[in-house]
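Reading through the C-alpha cells given below for one structure.
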Amino acid sequence: MTILDILRFPDKRLRTKATDITDVNDDLRIFIASMFETMYAAPGIGLAASQVNFHKRLMVIDVSENNDEPLCFINPIITHKEGVEVTQEGCLSVPGFYEDIERAETITVKALDKNGEPFELSTGDLLAVCIQHEIDHLDGKLFVDYLSPLKRNRIRKKLERIEKDGPVQTSQTGPTL
C-alpha cells in the first residue's frame, strides 16, 4: 500500500464535490487500503477520498483505540439525524487546529462496504461525529466552514505561514478526523 498526500486547507481542491462510485473493484480496494494506511500514519480517525485528491464518495474511519475496527463507506448518505451535540474537532487537512463544532447527536447512514455490499448503520458518539465530518469533505465542506469568517481566516493565514516557514508544534485536544 501507499501513504497518500493529504491536501491541506486552503487548497481549493478540498472544495470539489465528490461524485458517486459506480464500480467497486480490486483497484478501488487497493486504494481503500492505502487510505487506511494514510489515515493511521497521519494519525487520524477518519479520512475522506477528497482529502487525498480523489473526488469520489469514499471515506474510511476507525474510532477504536487499537485501530482494529476499520469502516469503509462508499457512496454514504445520511438518512436520519437526531439531537444536537457540540464536540471539539480537528482535521487532517487543517492540522493543529481544534474547534467546537455542532453536529447531530445520532445519525443513520446508508452506504456500500469495500466489497460493494449495502449496509445501514445507526450510531452516536464519536463515530456519528466522524461520519458527518467526512461526508462534509465529500460535499466540499470543511469543519472551518462552521466557524466565523474571522476565525477561519486566522486559521488559513497561520497554515499558509506554516507552509512557508515550516511546521510549528501544537497540542492536540480533540480527535483528528
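The set of residues from region 2-27 being hydrophobic (A, V, I, L, M, F, W, C) and either assigned to a loop (DSSP other than H, G, I, E, B) or free of Cβ contacts under 8 Å to residues at least 24 places away in the same chain (or both) comprises Ile3, Leu4, Ile6, Leu7, Phe9, Ala18, Ile21, Val24. In region 113-143, what residues are among the acidic types (Asp, Glu) and under 16 Å from Ala49 (Cα atoms)? Within region 113-143, Asp113, Glu134, Asp136, Asp139 qualify. Scanning region 9-38 for residues that are of a type in the set (Val, Ile, Thr), closer than 13 Å to Gln51 by Cα and open to solvent by 50 Å² or more (accessible area, probe 1.4 Å) gives a single hit, Thr16.
Here is the figure for region 140-177: residues that are modelled with pLDDT of 95 or more, within 20 Å of Gly44 (Cα to Cα) and in a loop (DSSP other than H, G, I, E, B) total 3.
Each residue in region 144-164 was checked for being within 24 Å of Phe54 (Cα to Cα) and surrounded by fewer than 16 Cβ atoms within 10 Å (Cβ to Cβ), and 4 pass.
A residue that is touching a Phe, Trp or Tyr at 6+ places or on another chain (Cβ under 9 Å), within 24 Å of Pro118 (Cα to Cα) and among the acidic types (Asp, Glu) occurs nowhere in region 79-86. Checked against (1) in a strand (DSSP E or B); (2) free of Cβ contacts under 8 Å to residues at least 60 places away in the same chain; (3) of a type in the set (A, V, I, L, M, F, W, C), Leu47 passes all but condition (2).
Kindly provide the set of residues from region 82-97 that are in a strand (DSSP E or B) and exposed (fewer than 15 other Cβ atoms within 10 Å of the Cβ), ordered by number. Steps first, please.
Keep residues of region 82-97 that are in a strand (DSSP E or B), which gives 82, 85-91, 94-97.
Those that are in a strand (DSSP E or B) and exposed (fewer than 15 other Cβ atoms within 10 Å of the Cβ): Glu82, Glu85, Val86, Gln88.
The set of residues in region 58-74 being open to solvent by 30 Å² or more (accessible area, probe 1.4 Å) and either touching a helix residue (DSSP H, G or I) at 6+ places or on another chain (Cβ under 8 Å) or part of a strand (DSSP E or B) (or both) consists of Val63, Asn67, Pro70, Leu71.
If only residues of region 98-116 that are closer than 17 Å to Asp136 by Cα and in contact (Cβ under 8 Å) with a residue 40 or more places away in the chain are counted, the one that is least open to solvent (accessible area, probe 1.4 Å) is Ile101.
The values are calculated or read from the model by the stated rules, or taken from the named source; none is laboratory data. Remember, predicted model here, so these are calculated numbers, not experimental data. FYI the Cβ positions are ideal-geometry reconstructions off the backbone, even for glycines, and counts take in every protein chain you see. Keep in mind that these areas ignore ligands, DNA and RNA; they rest on the heavy atoms of the full protein, side chains included. Shrake-Rupley method; radii C 1.70, N 1.55, O 1.52, S 1.80 Å.
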